[in-house]
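The numbers here are math on the coordinates, done by the rules we state, and not lab data. Everything quoted here is computed from the prediction, not taken from an experiment. Positions of Cβ are generated from backbone atoms using ideal geometry, with glycine treated the same way; all protein chains shown enter the neighbour counts.
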Amino acid sequence: MWSGPRNISTAMLRSWGNRPDTFVTDEPLYSHYLLHTGLRHPGADEIIRWQEPDWRKVAGWLTGPVPEGKPIWYQKHMAHHLLPRIDREWLGTLTHCFLIREPREMLTSLLKVLPQPTLADTGLPQQWELFQWEQERTGVLPPVLDARDVLGDPPVMLHALCQALRVPFTDAMLSWPPGPRATDGIWAKHWYAAVERSTCFQPYTPKPDPVPEELLPLLRECEELYGKLYEYRLNRA
């Protein structure tokens, strides 16, 4: 699952992690991303020490046997972690899906942790690149989920996702116990407080914060890419 920042990606990780048939992995390329961008995210040095930073080793693990002998491996990826220096060939052994969020709400949330975001920081260019690549590779439209749709009707949208992925839907995906998980990244202490209190997907609430004027050109770029992906989103029909 390729997501942008400030999305419901960790709640989705909880949802899949509550399935008895699924092993989950949390942002396995984060260490590599931090090491090679030099970005000073909270706990950056600790993350680089804790998680394997060599993308080749990570890719080898992600395309190997599913841990614990389970039939499904749900991998939560941030699309912007897929740096240009990372080869794409290994991705051909995986099934790809995409999680998007309305750009204005995404940007105003992202600004709280990244005051001067770039287009690459939103993950949208990487998502669109991967979406096109996957479609050309398989001849099939990969699943796209819009966060607002999921929050508006979790059972229907998760059922649609499972159907698109050809895996059985289970009600276990709709709720989960509160608290941390052993599968969470070490960065959870900086980012996951709200998710750790959660027990299900929270209902959608509008975010009316305006985008600063100087970032309106970025918003327009985001909206163009978001619109391309949104056109192919799974719907409630």
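Using the structure shown, list the pairs from Lys57/Lys189; Lys112/Lys189; Lys207/Lys228; Lys76/Lys189 with a Cα-Cα distance above 24 Å, or answer none. Please report the intermediate quantities before stating the final value.
Details: Lys57/Lys189 26 Å; Lys112/Lys189 17 Å; Lys207/Lys228 22 Å; Lys76/Lys189 17 Å.
From the list (Lys57/Lys189; Lys112/Lys189; Lys207/Lys228; Lys76/Lys189), the Cα-Cα distance tops 24 Å for Lys57/Lys189.
Can you tell me which of Pro20, Pro208, Pro155 moves the most in a GNM of the chain? Springs connect C-alpha atoms under 10 Å apart.
Judging by the Gaussian network model, the answer is Pro208.
Placing unit charges on C-beta atoms (Lys and Arg positive, Asp and Glu negative, everything else neutral), compute the dipole magnitude of the chain about its Cα centre in debye, rounded to 20. Mind dumping the intermediate values first?
Working: 25 positive and 29 negative charges, 84 e Å.
With only Lys, Arg, Asp and Glu charged at Cβ, the dipole is about 400 debye.
What is the fewest-to-most order of Glu213, Glu27, Glu46 by other Cβ atoms lying within 10 Å of their Cβ? Spell out each step's value before the answer.
Values: Glu213 7, Glu27 21, Glu46 14.
Ordered by Cβ neighbours within 10 Å, fewest first: Glu213, Glu46, Glu27.
Between Trp50 and Arg233, what length in nm is gained on full extension when 0.36 nm per residue of separation is reduced by their alpha carbon distance? Walk me through the numbers before you get to the answer.
On the way: separation 183, 0.36 × 183 = 65.88 nm, distance 3.54 nm.
Full extension from Trp50 to Arg233 adds 62.3 nm.
Within 10 Å, count the other beta carbons around each residue, average over each peptide in 54-62, 83-91, 118-126, 106-114, and list them highest first.
Working: 54-62: 15.7, 83-91: 12.2, 118-126: 19.8, 106-114: 17.3.
Highest to lowest by the protection proxy: 118-126, 106-114, 54-62, 83-91.
Do you know the relative contact order of the chain, to the nearest whole percent, from alpha carbon pairs under 8 angstrom that are 6+ apart?
On the way: 329 pairs, mean separation 67.5, N = 237.
Once normalised by length, the contact order is 28 percent.
Pop the C-beta distance of Asp87 and Ser109 into the FRET formula with R0 = 30 Å and round what comes out to the nearest 0.05.
Details: r = 31 Å, r/R0 = 1.05.
E(calc), rounded to 0.05, equals 0.45.
At 7 Å along the Cα-to-beta-carbon direction for both Thr199 and Ser175, put a label point, then send me their distance in nm to one decimal.
Between Thr199 and Ser175, the simple spin-label model gives 0.6 nm.
May I ask for the Kirkwood hydrodynamic radius of the range 1-78, worked out over all distinct Cα pairs and given in angstroms to one decimal?
Details: mean 1/r = 0.0744 Å⁻¹.
After inverting the pairwise mean of 1/r, the radius is 13.4 Å.
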